[in-house]
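For reference, the structure is listed below as structure tokens.
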Amino acid sequence: MKTLLKAALALLAVILVVAALVTTLRVGGVPSLEIRTDAKAIGARTAVVVAAAAPGRGLSGLRVEVEQGGRTRVVAQAAHRPLPPWALSGDRVEKDEIRVEVGRSAVPDLGEGEAVVRVVAERAGTWLRRPGPAVSELRLPVRLVPPTLTASSSQHYVAQGGSGVVVYEVGATAVRDGVRAGSWFFPGSPLPGGGKEDRLAVFGVPWDLADEAQVRLRAEDDAGNAAEVAFVDRFFPKPPARDTIALDDAFLSKVVTEIRQQTPDLEDRGGLLENYLQINRDLRKRNAEELVALAPRTAGAFLWTEPFLPLRNAKVMSSFADQRTYVYQGKDVDAQTHLGFDLAAVARTPVPAANRGVVVLSRYFGIYGNTVVVDHGLGLATLYSHLSSIDVKEGETVERGQVLGRTGKTGLAGGDHLHFTTLVRGLPVDPREWWDGAWIRDRVAPKVGPAVLAYAGEAGR
């Protein structure tokens, strides 16, 4: 009996030793930690993304701290339950990622100077071993004062669906500045002949933006601090005109067949009307996004010094921002906004460049058919579409009045005409302003400088 007892005790001891060894070896591995942010400094509202990973038994806890001046503040923490030391499978958190505010909004007593963002990940231990945590730190300066921002120019008379120019001064800490108009942002550029803090922005007002309070100068620093300044002196709302477009099978067949042939990535929706609606809705939206994507290619200065040319001897068939209702077999099937002017002339009329610039698009372009887009600098561009032929190539510099192509009826066009619009950073705006020499003389030339002022006296031609 004593022999059996001794054997049992020996076996138990072996089991306990093995269990102790196993649980010791089952200490959680060192978690990997990462602190991600685009901010170069901490401001009033600065966020970081903290990521932690601990394969095996998983994480036991995650904590984010901000330290400054010897004081540590916990801004976020999460507790997790790792696998027990004896378990080989089960629920656990192997990875965790959280977005955390670390600026003044989260730490009210944060001050100017340097701060440390610290992430602490607790390791899974055993009853025999309690390992220390894994720690990662990020040191950043704290900046809480937004850049200085002052409007320098005056007489900012802004129309809904129109555009304008503003000159302003911005402090040296700004890394992004320009005009915010609703969800659109129009970045500023150095003012020709101005000081290092003098800036110029060409901006547009979306056709559907009726609140002048949403048109403001804005400057941001690398800590996310922002200053905004109202600068609009007068705002002119422009209620849109309304129009009805009757669709028939002959028109649908013509435009759907052509556009699908030229745009092979469009899926076949089956019916004629269904394919047309895909073009009128989805392809229209895609083309709008592509025009915005062209904007960064703009020249850093105006490329023109003379008034903008319209298409001569043309009949205006629509106004800007018409609200169009599309009717098929007596039923309303769609509604869209027509963002340009339809100009009808003799078939295959030569189309002149409205002004000097560089061709940034010259091809078949979705709903617009054969299209040319000319960049005139500082985000200003003109678009010419539905052309029957194109006579210029992308990258080519064109002069004012140079023939770009001829009018036609490609794309979503029922008859031969020119669809023309002006773009500011990809936003369609009313082209009548830029056709008006007096408007340029009064609203643009005094703000831009000598290059434009040179023709101010003859701008009314």
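The values are calculated or read from the model by the stated rules, or taken from the named source; none is laboratory data. Predicted model only: the values in this text are computed from it and were never measured. We place every Cβ from the backbone using ideal geometry, glycine too, and count neighbours over all the protein chains shown.
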Residue match in region 260-268 (condition: in a loop (DSSP other than H, G, I, E, B), touching a Leu at 6+ places or on another chain (Cβ under 8 Å), without any contact (Cβ under 8 Å) to a residue 60 or more places away in the chain and not basic (K, R)): yes
Residue check, R130 surrounded by fewer than 21 Cβ atoms within 10 Å (Cβ to Cβ) and at pLDDT 95 or above: no
All positions within region 395-417 that are in a loop (DSSP other than H, G, I, E, B), free of Cβ contacts under 8 Å to residues at least 60 places away in the same chain and more than 11 Å from V358 (Cα to Cα): Q402, K409
Identity of the residue in region 207-230, of a type outside the set (G, A, S) and assigned to a loop (DSSP other than H, G, I, E, B), that ends up surrounded by the most Cβ atoms within 10 Å (Cβ to Cβ): N225
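Condition check ((1) over 30 Å from V145 (Cβ atoms); (2) at pLDDT 90 or above; (3) not in a helix (DSSP H, G or I)) across all residues:
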| position | (1), (2), (3) |
| --- | --- |
| A10 | yes, no, no |
| D38 | no, no, yes |
| V48 | no, yes, yes |
| R57 | yes, no, yes |
| V74 | no, yes, yes |
| R92 | yes, no, yes |
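Would you check which residues across region 97-119 are touching a Ser or Thr at 6+ places or on another chain (Cβ under 6 Å) and not in a strand (DSSP E or B) and list them? Even if it seems obvious, please write down each step before you answer.
In the first step, residues of region 97-119 are kept if they are touching a Ser or Thr at 6+ places or on another chain (Cβ under 6 Å); the result is 102-103, 119.
Once the filter is applied, which keeps residues that are touching a Ser or Thr at 6+ places or on another chain (Cβ under 6 Å) and not in a strand (DSSP E or B), region 97-119 yields V102, G103.
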Filter result for Y326 (in a helix (DSSP H, G or I), aromatic (F, W, Y) and over 19 Å from V424 (Cβ atoms)): no
Of all residues in region 134-173 being surrounded by fewer than 17 Cβ atoms within 10 Å (Cβ to Cβ) and of a type in the set (V, I, T), the one that is nearest to A210 (Cα to Cα): T150
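Here is a list: R139, R176. Which entry is within 28 Å of the chain's Cα centre (by Cα), assigned to a strand (DSSP E or B), closer than 30 Å to V75 by Cβ and at pLDDT 95 or above? Walk me through it before giving the result.
Working: R139 fails: within 28 Å of the chain's Cα centre (by Cα).
Result: R176 is the single residue among R139, R176 that is within 28 Å of the chain's Cα centre (by Cα), assigned to a strand (DSSP E or B), closer than 30 Å to V75 by Cβ and at pLDDT 95 or above.
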Selection within region 305-350 - surrounded by fewer than 17 Cβ atoms within 10 Å (Cβ to Cβ) and at positive phi: N313, Q329, G330, R348
Output for region 177-191, where each listed residue is over 16 Å from V429 (Cα atoms) and surrounded by 16 or more Cβ atoms within 10 Å (Cβ to Cβ): D177, G178, P187, G188, S189, L191
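Applying the selection to region 297-335, what residues are β-branched (V, I, T) and at pLDDT 95 or above? Give the derivation first.
Quick first cut of region 297-335, residues β-branched (V, I, T) only: 298, 305, 316, 325, 327, 333.
Once the filter is applied, which keeps residues that are β-branched (V, I, T) and at pLDDT 95 or above, region 297-335 yields T298, T325, V327, V333.
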Matching entry among V392, V351 (being assigned to a loop (DSSP other than H, G, I, E, B), in contact with a Leu (Cβ under 7 Å, 6 or more places away or on another chain) and closer than 29 Å to T305 by Cβ): V392
